[in-house]
Every structure is written in C-alpha cells, then in structure tokens.
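Colleague: Quick one: this structure, given as structure tokens, is what I'll be asking you about.
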Amino acid sequence: MMPHAVSSLLHMEQVNTEDCEGVSAGAFVFQSRPNHSLTHRQQKLVLWSLATVCFATASGFAFLGYWLLLPFAGLEIGLLAWALETLRSREGDYETLTIEGDVVVLEWHAGTHGERREMNRQWARVICDCGTSGRNCRLSLSSHGRETKVGQYLSDEARLQLAATLRRKLQA
C-alpha cells in the first residue's frame, strides 16, 4: 500500500502557521503524513470480523474432517493482527519542511527514529531525480554536501509539484 500525503499540494501556500510552534505568519510550511484511513476502532472491527468469518469457515471444514485448516486459519489471523499493529505503530510518522527567512528546517519522524536538520536557504538546492519521465521520482534538499530526502509520503506527481514550489520559494 502506497502512503499519500494528507496535506494537499494545491493548498501548500495556505498552511495555517498559527498551529506550528515558533513559526512566523510569513513562513512557508509543508507538512505531510502517511494516509491512515482506518481508525484504531475500525482496525479492531475489521480484524474481529475477518477472524470470525475465517474461524467459522475453518471450523465448518474441521467438522467435515479437514481439521488441518484450523492452524492455518490461526496463522492467517495472527499475520493480519501483526500487519495492522505494524501500521498502527507508524501513525505518528510525519515530515515538516519550513522556510522562514534564511533558514530551511526539515523535521521528520519515522517509526522510532526522528531527526531535525537546518540549512541556510542560500546554500540549499533542490534535487529531483526521476527514473523515467515523471516516474520513480526521488526528491531531496542538499546543502554543504549532505542530501536529505523530502516528500517520502507523496506520489511522484506530488513530488514534482513540491520540487517546483521549493525551487520558487528558495529563490525568492
């Protein structure tokens, strides 16, 4: 499943900077998060619904003599529970890019790892490499020989739009 940004690129200019700590009203702020379409309650409902159907079907076949299906039904539900828990553990992931004055700040959190990187606006460069025309795009900001990946929760089209916007904002 490919994650998508919650923040719409069409509304990047209109991000409410009042919600961002320490950011002035004239700053450019881009925020993105993976798309988590199911709430925790909905995940539980899906898991228990599928477990009920799976175990009812396996029990029916076990009653007919195909008892070997029961361990596989348990394994299937166990793997589904593990996958949903793994997705839930990534709910706090985010990426924030702020351009304020002469400072570009990148903050991100993925799993248990989070970082913050500041760079001078005058030295920051946008690098957008696409494998084929508009596909498999990799977007990053580079400064002083260090490259930092940006837009990991975006589609290729959205990365290209973000690259164009960042180039304009960095030159302004």
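Colleague: Mind giving me the nanometre distance, one decimal, between the label points for Glu115 and Thr52, set 7 Å out from Cα along Cα→Cβ?
Modeller: The modelled label-to-label distance comes out at 4.6 nm.
Colleague: Calculate log10 I(q)/I(0) of segment 45-172 for q = 0.12, 0.16, 0.21 Å⁻¹, where I(q) comes from the Debye formula with a single equal point scatterer on each Cα and nothing for solvent.
Modeller: -0.63, -0.83, -1.16
Colleague: If contacts are Cα pairs under 8 angstrom and at least 6 residues apart, what is the relative contact order of segment 40-89 in percent?
Modeller: Relative contact order for segment 40-89 comes out at 38 percent.
Colleague: Here's another thing I want to ask about it. Restricting the calculation to Cα positions, tell me the Rg (one decimal) and the Dmax (whole number) of segment 127-172 in Å.
Modeller: Rg then Dmax for segment 127-172, in Å: 10.5, 30.
Colleague: State the extension gain, in nm to one decimal, for the chain segment bounded by Ala83 and Lys149, taking 0.36 nm per residue of separation less the distance between their alpha-carbons.
Modeller: Answer, rounded to one decimal: 21.2 nm.
Colleague: How long is the gain from Gln161 to His36 if the chain were fully straight, where each residue apart is worth 0.36 nm and the alpha carbon distance is subtracted? Spell out each step's value before the answer.
Modeller: Working: separation 125, 0.36 × 125 = 45.00 nm, distance 2.26 nm.
My answer for the length gained is 42.7 nm.
Colleague: Provide Ile77, Ile127 in ascending order of the number of other Cβ atoms located within 10 Å of each residue's Cβ, fewest first.
Modeller: Ranked by crowding around the Cβ, least crowded first: Ile127, Ile77.
Colleague: Please go through segment 67-137 and write out the GluC sites (Glu not before Pro) that DSSP classes as loop and that have at most 12 other C-beta atoms within 10 Å.
Modeller: Hits after loop and neighbour filter: Glu91.
Colleague: How do Val105, Val46 rank when sorted from fewest to most other Cβ atoms within 10 Å of their own Cβ?
Modeller: Val46, Val105
Colleague: Separate question: When the gyration tensor of segment 40-89 is built from Cα positions, what are the square roots of 5 times its three eigenvalues, in whole Å, from largest to smallest?
Modeller: 25, 11, 4
None of the figures in this text is laboratory data; all of them are computed from the coordinates on show. For clarity, every value in this text was computed on a predicted model and none was experimentally measured. Neighbour counts are summed over all protein chains in view; Cβ atoms, including those assigned to glycine, are modelled from backbone coordinates with ideal geometry.
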